[in-house]
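The values are calculated or read from the model by the stated rules, or taken from the named source; none is laboratory data. On a predicted model such as this, the values are computed, not experimentally measured, just so you know. Ideal geometry is used to build each Cβ from the backbone, glycine not excepted, and the neighbour counts take in all protein chains shown.
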Amino acid sequence: MNPNPYAWIEKSLDTIRRADWYRSPQLIESCPGPRVKLAGDWLINFASNDYLGLAGDDRLIQAAIAATQEFGTGTTGSRLVGGHRDLHRQLEQAIANLKQTEDALVFSSGYLANLGAIASIVGQRDLILSDKYNHSSLKNGATLSRAQTVEYDHCNVEDLRTQLEENRASYRKCLIVTDSIFSMDGDLCPLPQLLDLARQFNCMVLVDEAHATGVFGANGAGCVEHFGCTGETLIQVGTLSKALGSLGGYVAGSVALIDFLRNRAPTWIYTTGLTPADTAAALEAVKIVQQEPDRRDRLQQNIETLKYCANQNQLPISNSDSPIFSFLLKDATTALVASSQLKEMGIFAPAIRPPTVSVSRIRISLMATHELAHLQQLVEALGQI
Ligand SMILES: *Cc1c(COP(=O)(O)O)cnc(C)c1O
């Protein structure tokens, strides 16, 4: 009998299960919001990246319906071949306006925006310096580009300098790549210092504003605005699927950069244009981000309240300035148990385990639409774990 060439799959799954690394999706049966219905129970939702509470906003829903009725469900082709709509251009101009960049380009997801941008701007003879804790899409973008990639210690400007001193001269172009708010720890990258080093060593900088867009900066433009770096020459990437409540990604930067990406980024050229519904919803969200700064204020208040209450109750949660907090636990099994205990106490907060992170944890993300009672219930439940 021939050996089964697929037998390894079941074996791998067994290994994953034995380590308590096994994952499966959890079913949500309601509209996104501070409370969601999960497997029949209404829980307070601390598992969402919908920081401003826009994913269930009626204005986004109506914009998506209107766009679908006018332009249909799909764009039927890539942007260069029949899939381009005026809505795409309106959204790109709105993003460029929010970011105060010359132009922007919309991709079908943030993941694809990172893959496409990195893979097209650097190649085999180039160097990428990448923060150790960078998002999977940045790491895979580096792999796809075939540039030499060196990781520097998380947010460690001195280590980055050392790596630049050791490696920069051996390569043609150099790209420094970082999350602006790190997706699992919620801390901010040292952007002004990174830009200083980039100037000294003649490097480009790509910053992933996925968790910062809509959340940081007076106008919600992200960490670049928060750090007073608006107008600096750099490459900004982000998503339409977190604070903007839709689906898709973008790159924002100079006219030349965007023009280059339209001609070279494989994940933009060879994929279907964003749907009219997603595009219109994101366009509505960008307007709301600029017109309703009070949503950011409420989110900031919730961040402060959680920090205060956690401190009062001596809870070991990370000290974050962003809406992302982590409650570190000793291993994957403990994190899984904690997550299911929280569920029994009415709280939805996921266990994040290796290989996503090296230290298992409960990840908590706050929304502008959480109420004080929601946060109090969270703190009480964490206290019991
Ligand atoms: C979520 C995320 C992405 C991917 O964005 P999608 O639009 O969901 O594909 C990229 N980078 C970071 C840092 C993220 O957290």
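If I filter segment 243-263 for residues that are in a loop (DSSP other than H, G, I, E, B) and more than 16 Å from the ligand (Cβ to nearest atom), do I get at least one hit?
yes
For segment 86-120, which positions are of a type outside the set (A, V, I, L, M, F, W, C) and more than 18 Å from the chain's Cα centre (by Cα)?
Result: D86, H88, R89, Q90, E92, Q93, N97, Q100, T101, E102, D103, S120.
Got a sec? Which of S254, S241 is small (G, A, S), assigned by TED's automatic domain parsing to the domain that holds A198 and surrounded by fewer than 15 Cβ atoms within 10 Å (Cβ to Cβ)?
S254 is the lone residue from the list that is small (G, A, S), assigned by TED's automatic domain parsing to the domain that holds A198 and surrounded by fewer than 15 Cβ atoms within 10 Å (Cβ to Cβ).
Go through segment 1-107 and tell me which strands (runs of 3 or more DSSP E), entirely inside it, have 1 or more residues that are of a type in the set (S, T, N, Q), touching a residue at least 60 places away in the same chain (Cβ under 8 Å) and closer than 30 Å to A221 by Cα.
By residue number, 41-45.
Of the numbered conditions (1) closer than 19 Å to L87 by Cα; (2) part of a loop (DSSP other than H, G, I, E, B); (3) more than 16 Å from the ligand (Cβ to nearest atom), I288 fails exactly one; give the number of that condition.
(2)
Can you tell me which residues in segment 117-132 are away from the ligand (no atom under 12 Å from the Cβ) and more than 16 Å from R168 (Cα to Cα)?
A119, S120, I121, K132
Filter segment 324-373 for residues that are over 22 Å from the mean Cα position of the chain (by Cα), part of a loop (DSSP other than H, G, I, E, B) and surrounded by 21 or more Cβ atoms within 10 Å (Cβ to Cβ) and give the result.
The answer is L329, and nothing else.
Is one or more of the residues making up segment 95-107 touching a Lys or Arg at 6+ places or on another chain (Cβ under 8 Å) and over 30 Å from F71 (Cβ atoms)?
No; the residues of segment 95-107 include none that is touching a Lys or Arg at 6+ places or on another chain (Cβ under 8 Å) and over 30 Å from F71 (Cβ atoms).
Please work out which residue is surrounded by the fewest Cβ atoms within 10 Å (Cβ to Cβ), limiting yourself to segment 264-278 and to residues that are in contact with a Gly (Cβ under 7 Å, 6 or more places away or on another chain) and not in a loop (DSSP other than H, G, I, E, B).
Checked segment 264-278; the qualifying residue surrounded by the fewest Cβ atoms within 10 Å (Cβ to Cβ) is P266.
Spot the failing condition for F348; the list is (1) in contact (Cβ under 8 Å) with a residue 60 or more places away in the chain; (2) over 29 Å from R18 (Cα atoms); (3) hydrophobic (A, V, I, L, M, F, W, C), and only one is missed.
All conditions pass for F348, except number (2).
From the list L206, L257, exactly one residue is within 15 Å of Y111 (Cα to Cα) and hydrophobic (A, V, I, L, M, F, W, C). Which is it?
L206
Name the residues in segment 336-384 that are closer than 16 Å to D50 by Cα and among the small types (G, A, S), would you?
The answer is A349, S365, A368.
Can you find a residue in segment 84-106 that is of a type in the set (S, T, N, Q), touching a Pro at 6+ places or on another chain (Cβ under 9 Å) and either farther than 30 Å from N202 by Cβ or within 16 Å of the ligand (Cβ to nearest atom) (or both)?
No, there is no match, as no residue in segment 84-106 is of a type in the set (S, T, N, Q), touching a Pro at 6+ places or on another chain (Cβ under 9 Å) and either farther than 30 Å from N202 by Cβ or within 16 Å of the ligand (Cβ to nearest atom) (or both).
Within segment 133-140, is there a residue that is assigned by TED's automatic domain parsing to the domain that holds V177, among the basic types (K, R) and away from the ligand (no atom under 16 Å from the Cβ)?
Within segment 133-140, not a single residue is assigned by TED's automatic domain parsing to the domain that holds V177, among the basic types (K, R) and away from the ligand (no atom under 16 Å from the Cβ).
The rows are residues; the columns are (1) among the acidic types (D, E); (2) on the phi < 0 side of the Ramachandran plot; (3) buried (at least 16 other Cβ atoms within 10 Å of the Cβ).
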| position | (1), (2), (3) |
| --- | --- |
| E165 | yes, yes, no |
| T178 | no, yes, yes |
| Q193 | no, yes, no |
| L197 | no, yes, yes |
| T213 | no, yes, yes |
